[in-house]
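Asker: Submitted below is the structure of interest, expressed as structure tokens.
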Amino acid sequence: MRLTTLTLAASLAAGAAFANPVAPADVVFTDDGAVEASLTGAPGNPEQGFKVFSDKKQGNCVACHNIEARTDLSFPGNVGPMLDGVGENRSVAELRGILTNSKNTFEGTVMPAYYKVDGFTRPGDDYTGKAPSGPLSPLLSAEQIEDVVAFLSTLK
Amino acid sequence: MKFKQMTAIAALALALPTLSLADADDDKLVINGELEMVTKTAAPAHLDGALSEVISGWHFRDDDTQKMQMDDFDNAGMLGVEAAAEMWNAVDGSEGKSCASCHGEAESMKGVRAVYPKWNEAAGEVRTLEMQINDCRTTRMGAEELKYAGDEMTNMVGLISLQSRGMPVNVAIDGPAQATWEQGKELYYTRTGQLDLSCASCHEQNYGNMIRADHLSQGQINGFPAYRLKNAKLNGVHNRFKGCVRDTRAETYKEGSPEFIALELYVASRGNGLSVEGPSIRN
């Protein structure tokens, strides 16, 4: 009984059905900042990934990136490069690395690390401006990362 | 001839996406049809080339918002200024005094905003305008302090800023203020929060770009206090800082904290040479 509740809670926290995603601290990067191994062990869902990409409350990638081929993006920003064709130019492992912690690919970049929970200066509790009450969660879950990677891979 | 024109137009259309709608525009800010403002000028030497030109946030707003600041009848920030003008003359506290009792007309404050934050020798500290106002209230009037970022305070800062409108910002960063200035500079370039962004990430590296629907300016404070369409009242500098720090998913500093005082001195100094614009209109 106990055990089932625990597992359920864990999978809920991960955002879905994967009970054992790679923890942020255990992600292995190549020298170039890529991440070869899937964070969930399962393929991502590109439609879901598009939602994460464009939703202000999820990835909000659109705050900085446009995809010209997608006319359904609202108010895309241009702090980051346009991502048309990025699935052609970048491997899945590279994309996963950029999402997990882009600083390992682009030194000093302004792009946030989406799967990182420590090493920040004055981290807050979400957007409240207050100190966090417990350990930080990554900006995106392992599953959401895999979904976005799957979506970006379709941009050819 | 015709052909040439067409090519020029085609070239323009092609050039637009890279130029981006985003860059600071070339409009001129003239207030009430007579007061010409310096809204772009050479960057102060202490910026060491980090910016070649300093630009008022006014240039990054859309035409309608810009227009509201060009005529005092349209400038909703003037309501706050009027409220403060009444307070200027209102006796408060144990000494039976108002601001006017010591300073006369509010016009006597001409030049003050332009040099604040400023080192106060007697107190041995850098003071913001808010701190100075509260010092007058407590030590000279025997009145209660105003809440640092409350409406009464921000309106009073608005009234005092207005007296310097059009004068160049000219805060001192050397001598006894230097240590505070250095601290502010350090804060400006420190990345905070889970998004790991510094003021410079947005306002130095990316001004002119769009971050979602927001057109990033240089984050100058020559326009403060700023009447924001978002909350329909005058907003002080520290309130703005707090919002920006919060948006990096960080634990913010408080309004009136030593950190924000230092940051204010530093950010003000980045705008040395721009005209004092307060009260400005912003989104």
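The values are calculated or read from the model by the stated rules, or taken from the named source; none is laboratory data. These numbers come from a predicted model, not from an experiment. With ideal geometry, Cβ positions are generated from the backbone for all residues, glycine too; neighbour counts draw on all protein chains shown. These accessible areas exclude ligands, DNA and RNA; they are computed on the full protein's heavy atoms, side chains included. Shrake-Rupley method; radii C 1.70, N 1.55, O 1.52, S 1.80 Å.
Asker: Residue under question is B:Val112, and the condition is that it be surrounded by 15 or more Cβ atoms within 10 Å (Cβ to Cβ) and in contact (Cβ under 8 Å) with a residue 60 or more places away in the chain; does it hold?
Answerer: Values: surrounded by 15 or more Cβ atoms within 10 Å (Cβ to Cβ): yes; in contact (Cβ under 8 Å) with a residue 60 or more places away in the chain: no.
The answer is no for B:Val112.
Asker: Looking at the stretch A:130-150, which of its residues are among the hydroxyl-bearing types (Ser, Thr, Tyr) and either farther than 27 Å from A:Glu47 by Cα or within 8 Å of the chain's Cα centre (by Cα) (or both)?
Answerer: Hits for the stretch A:130-150 are A:Ser133, A:Ser141.
Asker: Just the residues that are open to solvent by less than 40 Å² (accessible area, probe 1.4 Å) and within 20 Å of A:Gly124 (Cβ to Cβ), please, taken from the stretch B:213-226.
Answerer: B:Gly219 - this is the single residue of the stretch B:213-226 that is open to solvent by less than 40 Å² (accessible area, probe 1.4 Å) and within 20 Å of A:Gly124 (Cβ to Cβ).
Asker: Identify the residue in the stretch A:35-83 that is more than 11 Å from chain B (Cβ to nearest Cβ) and in contact with a Ser or Thr (Cβ under 7 Å, 6 or more places away or on another chain) and, among all such residues, is least open to solvent (accessible area, probe 1.4 Å).
Answerer: Residue satisfying both the conditions and the ranking: A:Val35.
Asker: Can you run down the residue pairs with Cβ atoms below 9 Å, 6 or more apart or on separate chains, where the first is in the stretch B:242-255 and more than 7 Å from chain A (Cβ to nearest Cβ) and free of Cβ contacts under 8 Å to residues at least 40 places away in the same chain and the partner is polar (S, T, N, Q) and in a loop (DSSP other than H, G, I, E, B)?
Answerer: B:Gly243/B:Thr252
Asker: Let me ask another. Residue check: is A:Glu94 out of contact with any Asp or Glu (no Cβ under 7 Å at 6 or more places or on another chain), more than 24 Å from B:Gly243 (Cβ to Cβ), within 14 Å of chain B (Cβ to nearest Cβ) and of a type outside the set (A, V, I, L, M)? Walk me through how you get there before you give the answer.
Answerer: Details: out of contact with any Asp or Glu (no Cβ under 7 Å at 6 or more places or on another chain): yes; more than 24 Å from B:Gly243 (Cβ to Cβ): yes; within 14 Å of chain B (Cβ to nearest Cβ): no; of a type outside the set (A, V, I, L, M): yes.
When the stated conditions are applied, A:Glu94 does not pass them.
Asker: Does the stretch A:120-131 include one or more residues that are small (Gly, Ala, Ser), closer than 18 Å to B:Ala250 by Cβ, surrounded by fewer than 17 Cβ atoms within 10 Å (Cβ to Cβ) and within 9 Å of another protein chain (Cβ to nearest Cβ)?
Answerer: Checked against the condition, which is being small (Gly, Ala, Ser), closer than 18 Å to B:Ala250 by Cβ, surrounded by fewer than 17 Cβ atoms within 10 Å (Cβ to Cβ) and within 9 Å of another protein chain (Cβ to nearest Cβ), the stretch A:120-131 yields at least one hit.
Residue by residue, here is whether (1) more than 12 Å from every other protein chain (Cβ to nearest Cβ); (2) modelled with pLDDT of 95 or more; (3) open to solvent by less than 10 Å² (accessible area, probe 1.4 Å) holds:
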residue	(1), (2), (3)
B:Gln178	yes, yes, no
B:Thr190	no, yes, no
B:Tyr207	no, yes, no
B:Arg228	yes, yes, no
B:Asn231	yes, yes, no
B:Phe260	yes, yes, yes
B:Asn272	yes, yes, no
B:Pro279	yes, yes, yes
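Asker: Against the condition in contact with a helix residue (DSSP H, G or I) (Cβ under 7 Å, 6 or more places away or on another chain) and part of a helix (DSSP H, G or I), how does B:Arg137 come out, does it pass?
Answerer: Considered against the rule, which asks whether it is in contact with a helix residue (DSSP H, G or I) (Cβ under 7 Å, 6 or more places away or on another chain) and part of a helix (DSSP H, G or I), B:Arg137 comes out as no.
Asker: State whether one or more residues within the stretch A:99-112 are within 15 Å of B:Ala213 (Cα to Cα), touching a residue at least 12 places away in the same chain (Cβ under 8 Å) and either touching a Pro at 6+ places or on another chain (Cβ under 6 Å) or in a loop (DSSP other than H, G, I, E, B) (or both).
Answerer: Step one: filter the stretch A:99-112 for residues within 15 Å of B:Ala213 (Cα to Cα), giving none.
No, the stretch A:99-112 has no match at all.
Asker: Looking at the stretch B:22-44, I want the residues that are closer than 26 Å to A:Val79 by Cβ and have a partner that is of a type in the set (Phe, Trp, Tyr) with Cβ atoms under 7 Å, at least 6 apart or on another chain. Which pairs are those?
Answerer: Qualifying pairs under 7 Å: B:Ala24/B:Phe60; B:Thr39/B:Trp58.
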